[in-house]
Amino acid sequence: MSGFPWGKFVLSTFGIMGVGYVIMKGTTPTPEQTYAAMSPDLRRKVDANRAARLARENATQQQAAAQLNDPDAQKPVWADSSRS
């Protein structure tokens, strides 16, 4: 068997990754901290983007609910005889 110290190598590797993870968790701001550090004009843009995203999501949910309740949605498009 080779004389390579696999135990020390694995332990060192996990130690380095653990230190990196702790540094990352300690230095990365939370979304709330990032939002609080923004200038007021950027906050307004973020709020506008959030409102637009929520409006799109609500419209998509309403459309999906309307399609589920539509009796014509159960049959395939090519089954419609009124189309030419």
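The values are calculated or read from the model by the stated rules, or taken from the named source; none is laboratory data. Keep in mind it's a predicted model, so treat the numbers as computed, not measured. All Cβ positions, even for glycine, are placed from backbone atoms using ideal geometry, and neighbour counts span all protein chains on display. Side chains included, ligands, DNA and RNA excluded: accessible areas come from the protein's heavy atoms. Shrake-Rupley method; radii C 1.70, N 1.55, O 1.52, S 1.80 Å.
Under the 0.36 nm per residue contour assumption, what length would be gained going from the current alpha-carbon distance of residue 39 and residue 14 to full extension? That works out to 5.1 nm of additional length. From helices alone, the chain scores -24000 deg cm²/dmol at 222 nm; the rule is -39500 (n - 2.57) for each run of n ≥ 4 DSSP H residues, then divide by the residue total. Considering only 20, 42, 61, whose Cα is most displaced toward the positive end of the charge dipole of the chain, charges sitting on Cβ of Lys, Arg (+1) and Asp, Glu (-1)? The Cα lying farthest towards the positive end belongs to 20.
Using the Cα gyration tensor of the chain, with a ≥ b ≥ c the square roots of its eigenvalues, what is the shape: rounded (a/c below 1.5), prolate (a/b larger than b/c) or oblate (neither)? Oblate. Counting only protein heavy atoms and a probe of 1.4 Å, the accessible surface of the chain is 63% carbon and sulfur.
The stretch between residue 30 and residue 60, if pulled fully straight at 0.36 nm per residue, gains 7.9 nm over its current Cα-Cα span. When only the Cβ of Lys, Arg, Asp and Glu is charged (+1, +1, -1, -1), the dipole of the chain relative to its Cα centre reaches about 320 debye.
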